[in-house]
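Each remark here refers to the structure printed beneath this line.
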Amino acid sequence: MKNIKMKPAALATLAALAVAAAGSALYAPASVAADEKKAEAQKPALTVTTARPQNATLPNRLTANGNVAAWQEASIGSESNGLRLTEVRVNVGDVVKKGEVLAVFSADTVNAELAQARAAVLEAEANAAEAKGNAERARTLESSGALSAQQISQYLTAEQTANARIASAKAVLATQQLRLKYTQVVAPDAGVISARSATVGAVVGAGTELFRMIRQGRLEWRAEITASELRRIKVGASALVKAANGSELTGKVRMIAPTVDAQTRSALVYVDLPPNSSQDAPFKAGMFASGQFELGSSDAMTVPQQAIAVRDGFSYVFRLNGDQRVSQIKVQTGRRLGDRIEVLNGIKGDTPVVVSGAGFLNDGDLVRNVAPAAATASAKPVKAGN
């Protein structure tokens, strides 16, 4: 093989071409990577749907807490003194009617004294009859002068005294009859027995409490309302009351307390609950309950619940801008109705806000806005084999 000899000028040209090729190979990957990063930066972070706020009529409610108590509680005591209790017919939780016998005292002593009082009445009536006859004879002899004026006066006075003794004896008889009546303790009204201290065999004095009763089985919810909110509540307003056990009842405001507590700066609002005297009634006196007062309705601007993103204790929505980027806006929320939430301030009625995907966005993210149906289809998982 013959050696090919090249001129120095040709060698220099070949060397320059080799250096250029090496430089192109070195810098080409760097430019390609920069283009790829730029393309990735322009790629949307999430596919979202948007909606504009809607006007709706929302109910005005005021939430409060309080206790369930008896509408009125009656204290049923003994009206007999020194009698032994022989029978107790009711217990705690029993539903009683007005006039129903609750307990019975021993009536032996009272019956004996009653018989004595009846005998005293008969004796007084017999004495009165004799005195009346003497007085009538004295009147007939008054004009004849057979009796002196003093004797006539004595007979007339004896008649009046005998009549007075009849009245006194009848009063004693009525007292003993009343004592006999008091040997039976009766319910002053219909209701539910809430407490019992009566014990068979006990000898109690007059005025000793034997039972306590919730009159007519009526309960009320005593809601605590701050002074600033008190003016919003009117007598007759409806209230939905929910007990700690999950039971719910609808009541009506019966009365608003005329005073405000100086310590808590709150007043009591008395809400009548529907009467329920059965033992399995869902509400019991002494329960803690929360409730909402119905105060009418008003117009409001609402957005879907999905559009609200809660971060660090504050509520935000994401506004879709013309460049398909989102801006995070702090809003104040209010009432809720179903899956929509009232927005009090922060946005206007024509502001497009992100609905689906709002919880995954950050301020300034680029998004792709699609119709709700398309977003649902794109989010649907693909089955294996498709």
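Some notes on this structure:
- Segment 150-260 - Debye-derived log10 I(q)/I(0), Cα point model, q = 0.16, 0.22 Å⁻¹: -0.96, -1.24
- Net dipole in debye of segment 107-182 [+1 Lys, Arg Cβ; -1 Asp, Glu Cβ; about Cα centre; nearest 20]: 200
- Segment 262-267 - phi-based ³J(HN,Hα) in whole Hz, Karplus 6.51/-1.76/1.60, Gly and Pro as x: 5, 8, 8, 6, 10, 10
- Mean silhouette area of segment 107-182, derived from the convex hull of its C-alpha atoms and averaged over all directions, reads 4.9 nm².
- Label point of Asn55 set 7 angstrom out along Cα-Cβ; within segment 290-306, amide nitrogens under 15 Å from it belong to 298-303.
- Normalised by 2.2 N^0.38 Å, where N is the number of residues, the C-alpha radius of gyration of segment 95-143 stands at 2.26.
- Between Asp189 and Arg89, full extension at 0.36 nm per residue minus the direct alpha carbon distance yields a gain of 34.4 nm.
FYI, it's all coordinate maths here, none of it is from the lab. On a predicted model such as this, the values are computed, not experimentally measured, just so you know. A quick note on method: Cβ atoms are made from the backbone with ideal geometry, for glycine too, and the neighbour counts reach across all protein chains shown.
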